[in-house]
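The values are calculated or read from the model by the stated rules, or taken from the named source; none is laboratory data. Here the structure is a predicted model, which is why all the values come from computation and not from measurement. Because the Cβ atoms are built from the backbone with ideal geometry, glycine has one as well, and the counts that use them run over all protein chains shown.
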Amino acid sequence: MGKKFYFNAFELNSPVHQSPGLWAHPKDRSRQYKDLEYWTDLAKILEEGIFAAIFIADGIGYYDVYKGSVSTAIAEGAQIPINDPLQVAAPIAQATKHIGIGITSSTTFEHPYTFARRIATADHYTKGRVGWNIVTSHVTQEKLLDHDTRYERADEYLEVIYKLLEGSWEDDAVVRDREKRVFADPNKVHEIGHKGKYFEVPGIALTEPSPQRTPVLFQAGTSDAGRRFSSKHAEAVFISTSEKQELKEYVADIRKRAADAGRNPKDILVFALITIVVDETDEKAQAKFEEYQKYISVEGALTLLSGWTGTDLSRYALSDSSKKIAIDANKSSSFANGLTHSANAERTIEEVAKWIGIGGPGPTFVGSAAKVADELQAWVEDTDIDGFNISYVVAHETFKDVVKYLVPELQKRGVYPSSYANGTLRDKLFGYSRLPDNHPAAQYRDIEKVKKEEAANKTQKGDRIWR
Ligand SMILES: Cc1cc2nc3c(=O)[nH]c(=O)nc-3n(C[C@H](O)[C@H](O)[C@H](O)COP(=O)(O)O)c2cc1C
């Protein structure tokens, strides 16, 4: 029996995620993204298929590189309009029992003090089923700090979050003693006294401890700074590549970096982005795939690709080689780098647009359950990943098909869970509900000690002790 693996569903609170044009497919429900039923129906389908989580990407910004304008993105619904993902966590939790809810939030756009409260509230309402995909943002109309400085700032952002969610309120601070009329013991609620390079947060956390305290931490850094960040903080990482060898190297590198940082390398799960078109037989799946392809919007795909690569692709002919695409290193490199790989380098720009038009920049597996299962197992065995982040083509048909055809086949092979474990999302993934002691968050649990050490360090670093 092979290694067991997980599925996540990759979503966006917008009419188009990674399959531009497909919103016009007669069966597609993406245009209903603003109805709660869209989300609750989806979550129920996924929970039937024991998906670990529904993971909702996000961006504060829009794609305006293509033709130097946001017009094509608007016309195509290409990731604009886009709603706040965190607001669907509670309704999803109410409609389901187990599935995790991964929410993307950028360290660039919201102050950690308010974000700590929003994510902790979601962790309360979902009974500990929340994950946070930490992003530093790459698409924005605001001027961003440069790439590596964004990660440096994100590192301090996490420190503030840990201090608030792990350190501010002790486990037994809330007593709810009705006889004595004491709700919480003020001696067990601590000011965090944070004064750093980017943030100053002197006070206490606004929320009492939630089931997981800190949500399960997801991240998708691929650059050196990104990998340093994810191997330090993340419990699950996402990668998008259609190259097995690159994936294998990435997994080994992330696990090694985690071990070097004193963490257990098994405490980081790696999820690869893929798309699946599955049906009863190979022929039916292929026919479905070909039918989907008719709906791809090349303009929509070029809008996304231009944003990801930072290059206005309207400057090229569709028949030009994709090798011509220059990569702006300050943009999202993992999205862009797949384009220059050997397998893709021989493609024309139109071919690349059509490839990413079906589920984005990961590999697409088309076939019967047996065929797709063979391929997924081979990917897991060859690369040591822990699961797949599945992008959809037609909402919710793609996920319904996966649950109907593929999941039973994988369960039969013993490589996919047949039921959920109890407890929080972290319990289900790792068997414990709070971050482990070897995670950097743990050092902020005794916040009074941290404050003393920080004060001592400041003095040592040459602060004058008299004026
Ligand atoms: C599967 C996947 C999902 C991602 N989701 C988002 C997202 O929702 N929002 C966002 O701003 N960036 C997202 N990213 C981009 C990453 O956060 C990151 O910027 C990118 O992988 C490049 O890595 P680097 O920042 O280390 O260069 C995603 C990346 C991957 C691979």
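Do you know which residues across region 381-404 are part of a helix (DSSP H, G or I) and not hydrophobic (A, V, I, L, M, F, W, C)?
Glu381, Asp382, Thr383, Glu397, Thr398, Lys400, Asp401, Lys404
Among (1) closer than 28 Å to Ser168 by Cβ; (2) surrounded by 18 or more Cβ atoms within 10 Å (Cβ to Cβ), there is one condition Ile54 misses while meeting the rest; what is its number?
(1)
So which of Pro215, Pro209 ends up being farther than 24 Å from His138 by Cα, crowded, with 20+ Cβ neighbours inside 10 Å and not hydroxyl-bearing (Ser, Thr, Tyr)?
None of the others qualify; the one that does is Pro209.
Cβ contacts < 8 Å: first residue closer than 17 Å to Ser106 by Cβ, restricted to region 202-219; second residue within 16 Å of the ligand (Cβ to nearest atom) and part of a loop (DSSP other than H, G, I, E, B), any location; separation 6+ or different chain. Result?
Leu217/Ala234; Leu217/Glu235; Phe218/Ala234; Phe218/Glu235; Gln219/Ala234
If you go through region 282-297, how many residues are surrounded by fewer than 15 Cβ atoms within 10 Å (Cβ to Cβ) and either β-branched (Val, Ile, Thr) or part of a loop (DSSP other than H, G, I, E, B) (or both)?
Number satisfying all stated conditions: 1.
Does Lys44 meet the test of being surrounded by fewer than 20 Cβ atoms within 10 Å (Cβ to Cβ) and in contact with an Asp or Glu (Cβ under 8 Å, 6 or more places away or on another chain)?
no
Looking at (1) among the aliphatic types (A, V, I, L, M); (2) assigned to a loop (DSSP other than H, G, I, E, B); (3) closer than 30 Å to Phe51 by Cα, which is the only condition Leu145 fails?
Result: Leu145 fails condition (3) only.
Look through Arg150, Arg118 and report the one residue that is closer than 30 Å to Glu47 by Cβ, within 18 Å of the chain's Cα centre (by Cα) and of a type outside the set (Asp, Glu).
Every option except Arg118 fails the conditions.
Which numbered condition in (1) under 29 Å from Tyr62 (Cβ atoms); (2) of a type in the set (Val, Ile, Thr); (3) out of contact with any Leu (no Cβ under 6 Å at 6 or more places or on another chain); (4) within 15 Å of the ligand (Cβ to nearest atom) is the only one that Thr241 fails?
(3)
Looking at region 169-192, can you tell me whether even one residue there is among the β-branched types (Val, Ile, Thr) and surrounded by 19 or more Cβ atoms within 10 Å (Cβ to Cβ)?
There is at least one residue in region 169-192 that is among the β-branched types (Val, Ile, Thr) and surrounded by 19 or more Cβ atoms within 10 Å (Cβ to Cβ).
Quick one: in region 104-132, which of the residues that are part of a strand (DSSP E or B) and over 18 Å from Asp427 (Cα atoms) is farthest from the ligand (Cβ to nearest atom)?
This residue is Ser105.
Go through (1) among the acidic types (Asp, Glu); (2) free of Cβ contacts under 8 Å to residues at least 40 places away in the same chain; (3) within 13 Å of the ligand (Cβ to nearest atom) for Glu246 and report which single condition fails.
Condition not satisfied by Glu246: (2).
Among the residues of region 228-235, is any away from the ligand (no atom under 13 Å from the Cβ), modelled with pLDDT of 95 or more, more than 24 Å from the chain's Cα centre (by Cα) and not hydroxyl-bearing (Ser, Thr, Tyr)?
No, region 228-235 contains no residue that is away from the ligand (no atom under 13 Å from the Cβ), modelled with pLDDT of 95 or more, more than 24 Å from the chain's Cα centre (by Cα) and not hydroxyl-bearing (Ser, Thr, Tyr).
Please go through region 148-206 and give me each residue that is aliphatic (A, V, I, L, M) and touching a Lys or Arg at 6+ places or on another chain (Cβ under 7 Å), ordered by number.
The answer is Leu165, Ala173, Ile192, Leu206.
Which residue is modelled with the lowest pLDDT, if the candidates are limited to region 312-325 and must be more than 20 Å from His17 (Cα to Cα) and part of a loop (DSSP other than H, G, I, E, B)?
Ile325
Run down His138, His98 and say which single residue is within 16 Å of the ligand (Cβ to nearest atom), touching a residue at least 24 places away in the same chain (Cβ under 8 Å) and touching a Lys or Arg at 6+ places or on another chain (Cβ under 8 Å).
That would be His138, the only listed residue that is within 16 Å of the ligand (Cβ to nearest atom), touching a residue at least 24 places away in the same chain (Cβ under 8 Å) and touching a Lys or Arg at 6+ places or on another chain (Cβ under 8 Å).
Can you tell me which of Val372, Val366, Val415, Val407 is over 21 Å from the mean Cα position of the chain (by Cα), part of a strand (DSSP E or B) and at pLDDT 95 or above?
Only one candidate qualifies: Val366.
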